[in-house]
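Every number in this text was worked out from the coordinates using simple rules, so none of it is lab data. Everything numeric in this text was worked out from a predicted model, so none of it was measured. FYI the Cβ positions are ideal-geometry reconstructions off the backbone, even for glycines, and counts take in every protein chain you see.
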């Protein structure tokens, strides 16, 4: 599910995806889990000296079905997106939106504090903010 | 990284924009369009019907801590834009729009008499 194309019926898009994955294989990746682009939900990760912030673009997901876990320095976001089923006499002209179960994994830096987590779902974006350990925060050292 | 974005970008001749994924379903009463516009608050979603062109535009507005530095970004453009051409039998004056949790649902009924008109759609 990580590599689901937006246009699964489009052969050219599939070839394009394969090509991208091949190219990624030749590049140095900082993460053993790779960069699953094209997955659902799309993710942005950023940080400040106080926190690590993960934004998962998961529109139309019931927040109650979202499962966020931190275990051994790995953050997992899982859930299911159910779409309205078209009626029997309906014709589907375009079908690009993701449907079904999803699961994405992010490796966290060593200095995060798994007990200081805050998760919010707003406008279809799940924001997870994880505090960094006090001891890891920058301190000013006075020079005598 | 632009060609690796999960959402394809559409060259509009203006600034770069994300092409939101959509589902378009037609039944006897009309067309229903769903568009994924994650991160767009209601006041930054703009819908417009002009002649037979439907334009969906939205600006992503995320709450971000001060001084944040991105380490990995799959959504690197903060604007969505997608344009559709409506066919004549659709009544663009009676488009219904719902926007919830980043998903836009547009209901475009079929017209009894096709009459081209310019309309501004306000999201309720």
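Calculate the FRET efficiency for residue B:16 and residue A:101 from the Cβ-Cβ distance with a Förster distance of 22 Å, rounded to the nearest 0.05.
Details: r = 31 Å, r/R0 = 1.43.
For residue B:16 and residue A:101, the calculated efficiency is 0.10.
Between residue A:117 and residue B:120, what is the spin-label point distance in nm, taking each point 7 Å from the Cα along the Cα→C-beta axis?
According to this spin-label approximation, the distance is 4.5 nm.
Please give the length that would be gained between residue A:78 and residue A:135 if that part of the chain were fully extended, namely 0.36 nm times their separation in residues minus their C-alpha to C-alpha distance (nm, one decimal). Show your work: numbers first, answer last.
Numbers: separation 57, 0.36 × 57 = 20.52 nm, distance 3.06 nm.
Full extension from residue A:78 to residue A:135 adds 17.5 nm.
Simple spin-label model, 7 Å along Cα-to-Cβ: residue B:72 to residue B:55 in nm?
Result for the modelled spin labels: 3.6 nm.
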